[in-house]
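J.: Shown below is the structure under consideration.
All of the numbers you see were taken from the coordinates with simple rules; none came from a lab. This is a predicted model, so every value here is computed, not measured. Cβ: placed from backbone, ideal geometry, glycine included. Neighbour counts: every protein chain shown.
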Amino acid sequence: MTMTQSIHRGEILHFPATTSNPEQNHEYLQDGILITENGLITALADAQTFLNSLSEQELSHVLPGMIHHKGLLIPGMIDSHVHYPQMEMIASYGTQLLDWLNEYTFPAEAKFCNSEYAAKQAKQFIEQLFAHGTTTASVFATVHPESVNAFFSAAEACQARMICGKVMMDRNCPDNLKDTAESGYAQTRQLIEQWHKQGRSLYAITPRFAPTSSPEQLKKAGQLAKQHPDTFIQTHLSENIQEIEWVKSLYPESPDYLGVYEKYDLVRERALFGHCIHLESREYQVLKREQAGIIFCPTSNLFIGSGLFPYFDVKDKNIPVAIASDVGAGTSLSLLTNQAEAYKILQLQKQNLNPLEALYLCTQGAADTMRLSDKIGNLNPGTEADFVELDFSALPMLSQRTKQAKSLTEKLFALMILGDDRVIRRTYVHGQCIYTRE
Ligand code: GUN
Ligand code: ZN
C-alpha cells in the first residue's frame, strides 16, 4: 500500500453512467470496497469478491489500514447554482425576485469590494458546502474580481473542484456594483487566464441576468465564451413573471428571454441557466438543440415565490437538468433538503420524483449537465475521489423510519425527506477526509 492509498469499506451507491432511468441504472453494493490513490478512485468492487482475490500477503497489507464506514457512501454532491456572497442575507423576509435583489442582495454583495472580508466569507462558505455533503459547486461571486480570487484561493487550499465567476453587471443596479462592458470583459479575461483549469478550478463567464447587462456587455461576454469554449457560462433565465416582462421591455426585438442570450452566443454546452420555470416552446427547442443546462432550484423557487418548475416537461425534452440550492434565495445548502422540496413541487403538479432520480440530479446528472462526469459525480475508477458518508442513525426519526424500510428506494426517500446536513458524517475531497461531524 502506498502512502496516499486509502481503502474504504461500507455500503456504496452511485450512478455509473448518464441515464434517463436512475431508478434502474444505479450501482448498489451492500458491502463494497472503494480504493483511492493520489486523489483518484482506483477501484470499486464488492468487498468479498475483492478480498477473495487477494493473497495472504496482500491481505496482511490491506486489512490493517482499511477504513470501515457504518453509513452509506455516495459521490460528493454537486451544487450547480449558488451565490457565495449571499450567505449573510439568506432568509430575508417578504419579497419576490426584483425587490429581493434591491433590498437585500445588492447591499450584501457590495461588501465584497474588501478582499479580507471576501477571503473570510469564501473560506466559511466552502467549509459549509463540505458540511452539507457538497464537494463541487458552480458559484456566483460578485462584480469585484477580488471576490473571485478569494473564492478560488480558498478552494485551491483544499484541492476542491470548484467553478466560479465574476458577476458582469453594468446597468440597473447600484453604482457601487457596476462594471462596464469594457472592464467586465477585461477583468473576466484576466480571471480566466489566472484560474481556469489551474488545479481543479474552472471558470464560469457570469453575466448576472439580461436586465443587469447592456447589449454591449452581453456581446463581450459572448466573445469571451467563443474565445474560451471550454469555460462555463452561468446566468439566470425565466425565473419570475415580472422579470420576464422587464426583459421583453429592455430587449423588444428579441423573440423571448432566451433569445437575448442566444443573440450574443451565450447558449451552448456548459452554459447553465438557473430556474427556467416559465419557458416558451421555442426556448425549450433552443436549449435542447444546444444541449445547454437547466438548473432547478427548489428551495429558492418556493422561498421567493417564483413558481413551480415543470421538471418532467424538461426531462421529456431531453434537456440536461440538475438540482441546485441557489442560496441565498434558496434556504438551505443541503441538497437533500432541496431534493425534498423538489419532491413537493412535483406533488403540487400531480407528479412523483423518485428519490434515486432526485439523488441522480445532484450527482451524476449534475456532472453530466456540466459535462464533467469523467471527473466527478460518480465513483467510477479513474474519476476524482470526492465522496461522502451518510449516517442514517444521526436523527432519531430518520433512524426509526429507515428501520422499517423494505427497499433501498424507501430508505432513500426517508433520507431525502427527513435528512439534511446532520446526516453528513464525513466528506472526502481529492481522497482526503476534509470534514468530520462532531
Ligand atoms: N436573478 C438575478 N440575480 C439573481 C440572484 O442573485 N438570485 C436569484 N435567485 N435570481 C437572480
Ligand atoms: Zn441564482
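J.: If you line up the Cα atoms of region 330-438 on their principal axes, what length do they span on each, largest first, in Å?
T.: Cα extents, longest axis first: 37, 34, 30 Å.
J.: For S153, S147, S373, what's the fewest-to-most ordering of other Cβ within 10 Å of each Cβ?
T.: Working: S153 16, S147 29, S373 21.
Going from sparsest to densest Cβ surroundings: S153, S373, S147.
J.: Any idea what diffusion coefficient region 263-384 gets from Stokes-Einstein, in µm²/s, Kirkwood Rh on alpha carbon pairs, 10 °C, 1.306 mPa s? Write down the numbers at each step before the final one.
T.: On the way: Rh = 14.7 Å.
Here the translational diffusion coefficient equals 108 µm²/s.
J.: Taking the Cα atoms of region 50-147 alone, what are Rg (to one decimal) and Dmax (as a whole number) in Å?
T.: Considering region 50-147 through its Cα atoms, Rg and Dmax are 21.5, 68 Å.
J.: Considering only N380, N21, N149, give the residue with the highest GNM mean-square fluctuation for the chain, with springs between Cα atoms whenever their separation is below 10 Å.
T.: For the chain, modelled as a Gaussian network with Cα springs under 10 Å, the answer is N21.
J.: I would also like to ask the following. Choose one answer from K315, K123, K411: the residue with the largest mean-square fluctuation in a GNM of the chain with alpha-carbon springs under 10 Å.
T.: Looking only at K315, K123, K411, the biggest GNM fluctuation is shown by K315.
J.: Indicate, rounded to the nearest 5 percent, the antiparallel portion of the DSSP beta bridges found entirely in the chain. Kindly include the intermediate steps, with their values, before the conclusion.
T.: Values: 27 of 58 bridges.
Expressed as a percentage, antiparallel bridges in the chain total about 45.
J.: Please determine, in degrees from 0 to 90 and to the nearest 10, the orientation of helix 56-65 with respect to the longest principal axis defined by the Cα atoms of the chain, where the helix direction is its Cα long axis.
T.: Here the helix axis deviates by roughly 50 degrees.
J.: Starting from the 7 Å offset along Cα-to-Cβ, what nm value, one decimal, do you get for the label separation of D175 and R422?
T.: 4.9
J.: Going toward the positive end of the dipole of the chain, with +1 on Lys and Arg Cβ and -1 on Asp and Glu Cβ, which of S147, I244, V423 do you reach last?
T.: Projecting each Cα onto the dipole axis, the largest value belongs to V423.
J.: Would you please state the base-10 log of I(q)/I(0) at q = 0.20 1/Å for region 150-236, with intensities from the Debye formula using one equal scatterer on every alpha carbon?
T.: Taken in order of the listed q values, log10 I(q)/I(0) reads -0.87.
J.: OK, next. Place a +1 charge on the Cβ of each Lys and Arg in region 305-438 and a -1 charge on the Cβ of each Asp and Glu, then give the dipole magnitude about the Cα centre in debye, rounded to the nearest 20.
T.: Details: 14 positive and 15 negative charges, 79 e Å.
About 380 debye.
J.: Same structure again: In the P(r) worked out for the chain, what percent of Cα pairs fall beyond 33 Å?
T.: On the way: 30251 of 95703 pairs.
Everything past 33 Å amounts to 32 percent.
J.: Could you put I424, I244 in order, starting from the residue whose Cβ has the fewest other Cβ atoms within 10 Å? Kindly include the intermediate steps, with their values, before the conclusion.
T.: Working: I424 25, I244 18.
The fewest-first ordering by Cβ neighbours comes to I244, I424.
J.: Once the cut-off is 14 Å, how many percent of the Cα-Cα pairs in region 137-198 end up in the long-distance tail? Before the final figure, lay out the partial values.
T.: Values: 1035 of 1891 pairs.
Beyond 14 Å sits 55 percent of the P(r) for region 137-198.
J.: In the neighborhood of S332, defined by Cβ-to-Cβ distances under 14 Å, what is the net charge if each Lys or Arg adds +1 and each Asp or Glu adds -1?
T.: Working: positive: K344, R422; negative: D79, D326, E341, D420, D421.
Residues close to S332 contribute a combined charge of -3.
J.: Mind checking the angle between helix 215-227 and the chain's longest principal axis? C-alpha axes, 0 to 90 degrees, to the nearest 10.
T.: Taking the Cα atoms of the chain, the angle to 215-227 is about 40 degrees.
J.: Specify which residue in the list I233, H132, S254 is farthest towards the positive end of the charge dipole of region 130-273, using unit charges on the beta carbon of Lys, Arg (+1) and Asp, Glu (-1), about the Cα centre.
T.: Of I233, H132, S254, it is H132.
J.: Suppose R0 equals 41 Å; then what is the FRET efficiency for Q404 and K315 from their Cβ-Cβ distance, rounded to the nearest 0.05?
T.: Working: r = 30 Å, r/R0 = 0.74.
Between Q404 and K315 the formula returns 0.85.
J.: Now for a different question. Take Q432 and K111, extend 7 Å from each Cα along the Cα→Cβ direction, and tell me the distance between the two endpoints in nm.
T.: Taking the two extended label points, one gets 2.8 nm.
J.: Among P381, P64, P107, which one shows the biggest mean-square fluctuation in a GNM of the chain, springs joining Cα atoms closer than 10 Å?
T.: P64
J.: Give the order of M397, M66 when sorted by the count of other beta carbons within 10 angstrom, beginning with the fewest.
T.: Numbers: M397 9, M66 15.
Ranking M397, M66 by Cβ neighbours within 10 Å, fewest first, gives M397, M66.
J.: Per DSSP helix of 4 or more residues, -39500 (n - 2.57); summed, then divided by the residues of the chain. What does that give at 222 nm, rounded to the nearest 500?
T.: Values: 18 runs with 166 residues, N = 438.
Only helices count here, giving -11000 deg cm²/dmol.
J.: Related question: Mind listing the Cα extents of region 97-179 along all three principal axes, in Å, largest one first?
T.: 36, 23, 18
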